Amino acid sequence: MYEVVIKPCGGSALLIQFEQKIDPSVLQQVTAVKNKIAGSRIPGILDMIPAYASLMILYDPAVISFQKMKERILSLDMEGQETVKVTQRRIEIPVLYGPPFPEDLAFVALCAAMSTEEVIGIHTANEYPVYMIGFLPGFPYLGNLDERIHTPRRKEPRTHIPAGSVGIGGAQTGVYPVASPGGWHIIGKTPLKLYDPEREDPVLLRSGDLVTFRSITKKEFDEIERSGGRICL
């Protein structure tokens, strides 16, 4: 099994800690172990919450104890091919760059000493792994942001960021799935609904997905928005 630390979190949760760094290889391990546990039929598991370098397992202590849960996890074969070759969904997010805060896109360009067109080109050129979902329902923390457009968070957060806003915060990029306060620099907006309570699975993205961004026109934005802001995976 991978080198991990397993410890209790309260009376009904267990935390599996991997190497403590933000790295695609660690993300792959987290995703692989999550998938392996999901298919292991361990009784009492209620939910699993992956993060950058850890996996929290919520369980029913009336069904299984912490010690039994830990033993079952450690007994799993984590070195098989099914854990090495993790299937990752690839999802394209269309973005109208500029709105709702074009001044933020201009600020990112100013910090990077380049044009806004160059910033957009760099942002759309990379593939971004989803390290975790948090902060808001469906908010993806995306890694692999090109160092040239790393931008510190705003000194004064805004009290209202519209749903769909695509932002940069330090070395990460992400998308606000619902309206919220926030301190990231907003470089564009997507018409896709990353969180939709009317869907069977309300959260579009999940940890381990690979995301790309595509620049679109206002006309394309309006067409996608009118269609309901949904995509078929």
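Observations on the model:
- Hits in region 1-22 (condition: assigned to a loop (DSSP other than H, G, I, E, B) and more than 13 Å from Y52 (Cβ to Cβ)): M1, Y2, E3, V4, C9, G10, G11, S12
- None of Y52, Y59 is of a type in the set (F, W, Y), surrounded by 12 or more Cβ atoms within 10 Å (Cβ to Cβ), modelled with pLDDT of 90 or more and closer than 20 Å to G134 by Cβ except Y52.
- Scanning region 37-47 for residues that are closer than 19 Å to R206 by Cα and surrounded by fewer than 18 Cβ atoms within 10 Å (Cβ to Cβ) yields A38, G39, L46, D47.
- Boolean, E117 is outside any strand (DSSP E or B) and surrounded by fewer than 19 Cβ atoms within 10 Å (Cβ to Cβ): yes
- Restricting region 90-144 to residues that are among the small types (G, A, S) and under 20 Å from R214 (Cβ atoms), the residue that is modelled with the lowest pLDDT: G143
- Of the residues making up region 95-118, those that are free of Cβ contacts under 8 Å to residues at least 40 places away in the same chain and of a type in the set (G, A, S) are A106, A109, A112, A113, S115.
- For L145, the requirement of being of a type in the set (A, V, I, L, M, F, W, C), out of contact with any helix residue (DSSP H, G or I) (no Cβ under 6 Å at 6 or more places or on another chain) and not assigned by TED's automatic domain parsing to the domain that holds Y176 is not met.
- If the condition is being part of a helix (DSSP H, G or I), touching a residue at least 40 places away in the same chain (Cβ under 8 Å) and of a type in the set (A, V, I, L, M), then region 28-62 contributes V30, A32, V33.
- Restricting R72, R41 to residues that are at positive phi and outside the structural domain of S207 (by TED's automatic domain parsing) narrows the list to R41.
- For first residues located in region 190-217 and at negative phi and of a type in the set (D, E, K, R), partners that are surrounded by fewer than 17 Cβ atoms within 10 Å (Cβ to Cβ) and assigned to a strand (DSSP E or B) and lie 6+ apart or on another chain with Cβ distances below 6 Å form the pairs R214/E92.
- Any hit, region 198-214, residues being small (G, A, S), within 18 Å of Y131 (Cβ to Cβ) and crowded, with 16+ Cβ neighbours inside 10 Å: yes
- S25 satisfies every condition listed in (1) surrounded by 12 or more Cβ atoms within 10 Å (Cβ to Cβ); (2) not in a loop (DSSP other than H, G, I, E, B) except (1).
- Residues in region 177-196 that are among the aromatic types (F, W, Y) and surrounded by 21 or more Cβ atoms within 10 Å (Cβ to Cβ): W184 only.
- Residues of region 138-189 classified as farther than 17 Å from F101 by Cβ, part of a strand (DSSP E or B), touching a residue at least 24 places away in the same chain (Cβ under 8 Å) and not aliphatic (A, V, I, L, M), total: 3
- Test: residue in region 71-88 that is modelled with pLDDT of 95 or more, touching a Lys or Arg at 6+ places or on another chain (Cβ under 8 Å) and buried (at least 18 other Cβ atoms within 10 Å of the Cβ): no
The values are calculated or read from the model by the stated rules, or taken from the named source; none is laboratory data. Everything quoted here is computed from the prediction, not taken from an experiment. So basically every Cβ, Gly included, is an ideal-geometry build from the backbone, and we count neighbours across all protein chains shown.
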